[in-house]
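Novice: Before we start, here is the structure in question, set down as structure tokens.
The values are calculated or read from the model by the stated rules, or taken from the named source; none is laboratory data. Every value quoted in this text rests on a predicted model; they were computed, and no experiment measured them. Cβ sites come from the backbone with ideal geometry, for glycine too, and all protein chains shown count toward neighbours. Note: accessible area is taken over every heavy atom of the protein model, side chains too, but ligands, DNA and RNA are not part of it. Shrake-Rupley method; radii C 1.70, N 1.55, O 1.52, S 1.80 Å.
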Amino acid sequence: MKRLLLTYLLCAAFLPSFGQEKKPHNIPDFDYKRLHFGFTVGLNVMDFGFERNWDSEPFLYADVSRILPGFQVSAISDLRLTDHVNLRFLPGISFGWREITFYEQDDGQWRVVDRLGAESVVGVGPAFLDFPLHLKYRSIRDNNYRPYLIGGVNFRYDMAAKKAYDGESDNFIRLNPADFYLELGFGVDTYLRYFKFAPEIKVGMGLNNVLANESRTPWPEFKNSITKLTSYIIMLNFHFE
């Protein structure tokens, strides 16, 4: 009985898609273009991953205390390699904001570190140059929809990163500006009357340790309490091609 019920549910879920009435294709020759262009707008959320040095003396616990949603814009260059695979280059700029707060233990309680008469919060952002290179694998077109998977790498450069510590700032760690990301995602190409629109969700994982080697004098404990700092980003993109 359970097997019959499961079979029925599977049939009920999949049969409507196979029984859909064929509709006229919008822009039917679009996928046969060797090269086409477009643009992207989207939203993002950025975060950090920490590897902490618990043996540091004194030890300060660092964590992301605040994340502000950001956005990105980019240009699209798409090269058709096969019927199902495209090579895409999407240079652009992204904006986002993260804050790292440091905590220290006092009488068994964690409290925010206070240096220079203020809480030790490090803001990271707001502007990055992006140079993603992706492979896009597309399924068979179903009426005016075509799901796809994307994957590739992205060179991201932080334009706000400082080359040296600023004596007047309250930043107690410094980040390297350049990073490489591994990016994976999925979306659906939607063929409209005059153009193609594609919502897409993508995740980026930084491959480099972006924490600079130098510590700020006279407070080396901030840098020494972190062994490795990596970046993460989740993006909701809208492609217009």
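Novice: Hey, what number do you get for the chain at 222 nm if only DSSP H runs of n ≥ 4 count, each worth -39500 (n - 2.57), divided across all residues, to the nearest 500?
Specialist: After summing the helix terms and dividing by residue count, I get -2500 deg cm²/dmol.
Novice: Let me ask you something else. Leaving ligands, DNA and RNA out of it, report the carbon-plus-sulfur percent of the accessible area of the chain at a 1.4 Å probe.
Specialist: With neighbouring chains kept in place, the figure for the chain is 63 percent.
Novice: Another question, then. P(r) tail for the chain, what percent of Cα pairs lie past 30 Å?
Specialist: Roughly 44 percent, once rounded to a whole number.
Novice: Once amide H atoms are built 1.01 Å from N in the peptide plane, which residues 5 or more positions from LYS196, or in another chain, come under 5 Å H to H?
Specialist: GLU241
Novice: OK, next. Please determine, in degrees from 0 to 90 and to the nearest 10, the orientation of helix 2-18 with respect to the longest principal axis defined by the Cα atoms of the chain, where the helix direction is its Cα long axis.
Specialist: 80
Novice: Next question. Taking amide hydrogens as modeled 1.01 Å from N in the peptide plane, which residues meet the under 5 Å criterion relative to ASP189, leaving out close sequence neighbours?
Specialist: ARG146, TYR148
Novice: Right, next: Return the sequence-ordered ³J(HN,Hα) values of the range 189-204 in whole Hz as given by the Karplus equation 6.51 cos²θ - 1.76 cosθ + 1.60 applied to θ = phi - 60°, using x for Gly and Pro.
Specialist: After applying 6.51 cos²θ - 1.76 cosθ + 1.60, I find 6, 10, 8, 8, 5, 10, 7, 9, 10, 9, x, 8, 10, 9, 10, x Hz.
Novice: Also, quick follow-up: How large is the charge dipole for the range 120-241, taken about the Cα centre, if only the Cβ atoms of Lys, Arg (+1) and Asp, Glu (-1) carry charge, to the nearest 20 debye?
Specialist: For the range 120-241, the charge dipole is close to 420 debye.
Novice: Another question about this same structure. How would you classify the range 121-241 from its alpha-carbon gyration tensor, with a ≥ b ≥ c the square roots of the eigenvalues: rounded for a/c under 1.5, else prolate if a/b is greater than b/c, otherwise oblate?
Specialist: Taking the square roots of the gyration eigenvalues as a ≥ b ≥ c, the range 121-241 is prolate.
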